[in-house]
Amino acid sequence: MSQENRIVVGIDGSASSLAALDWALSQAELTGATVEAVTAWEYPAFYSWEGGAVPPREFENAASVTVEDAVDNAVDRRANPPRVRTHVAQGDSARVLLDTAEDAELLVVGSRGHGGFVGALLGSVSHKCTHHAECPVVIVHASTERQ
């Protein structure tokens, strides 16, 4: 069975995840890989306190919009973009990325996503990915001079 050369990149809409997507697209242009842009969603911790007022589909739709918009914007800036697929899954972000990247050539994540401690060097998802991925991991920091 032939294996596709894939670069998996995590997208949550944060500046560092968008920088990671740009980096993954550039790497894919060099290597001929397909980029798989992945986002995960979970019910908020307080969801049960709210009485289930928000249907699960709304969380999934918001995640889909996040990844599709990020990919569309990044691809539109390129003359010859590589092949890109998007993937949305329910679950812990790190676990979803690790599972998706199981047979990938590379996993690319931003250094910091939404939430957490602003001054921290790595976020919890990037930290877990570096320790548990079965493929090489690239961590991309968001540029403060992004155009």
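The values are calculated or read from the model by the stated rules, or taken from the named source; none is laboratory data. The shown structure was predicted, so the numbers you read here are calculated from the model rather than taken from an experiment. So basically every Cβ, Gly included, is an ideal-geometry build from the backbone, and we count neighbours across all protein chains shown. Please note that ligands, DNA and RNA were not included when accessible areas were found on the heavy atoms of the full protein model with its side chains. Shrake-Rupley method; radii C 1.70, N 1.55, O 1.52, S 1.80 Å.
Filter the range 123-136 for residues that are open to solvent by 40 Å² or more (accessible area, probe 1.4 Å) and touching a strand residue (DSSP E or B) at 6+ places or on another chain (Cβ under 7 Å); which is modelled with the highest pLDDT?
136
Which one of the conditions (1) surrounded by 15 or more Cβ atoms within 10 Å (Cβ to Cβ); (2) at pLDDT below 95 does residue 71 fail to meet, given that it meets all the rest?
Result: residue 71 passes all but (2).
So which residues in the range 90-106 are open to solvent by 60 Å² or more (accessible area, probe 1.4 Å) and closer than 20 Å to residue 25 by Cα, if there are any at all?
102, 103, 105
Take the range 1-35 and flag every residue that is outside any loop (DSSP other than H, G, I, E, B), without any contact (Cβ under 8 Å) to a residue 12 or more places away in the chain and of a type outside the set (A, V, I, L, M, F, W, C).
Once the filter is applied, which keeps residues that are outside any loop (DSSP other than H, G, I, E, B), without any contact (Cβ under 8 Å) to a residue 12 or more places away in the chain and of a type outside the set (A, V, I, L, M, F, W, C), the range 1-35 yields only 26.
Of all residues in the range 90-114, which are in a strand (DSSP E or B) and either in contact with a Gly (Cβ under 9 Å, 6 or more places away or on another chain) or modelled with pLDDT of 95 or more (or both)?
106, 107, 108, 109, 110
Output the residue which, of all residues in the range 5-19 that are under 9 Å from residue 39 (Cβ atoms) and of a type outside the set (S, T, N, Q), is most open to solvent (accessible area, probe 1.4 Å).
Looking at residues that are under 9 Å from residue 39 (Cβ atoms) and of a type outside the set (S, T, N, Q), I get 12.
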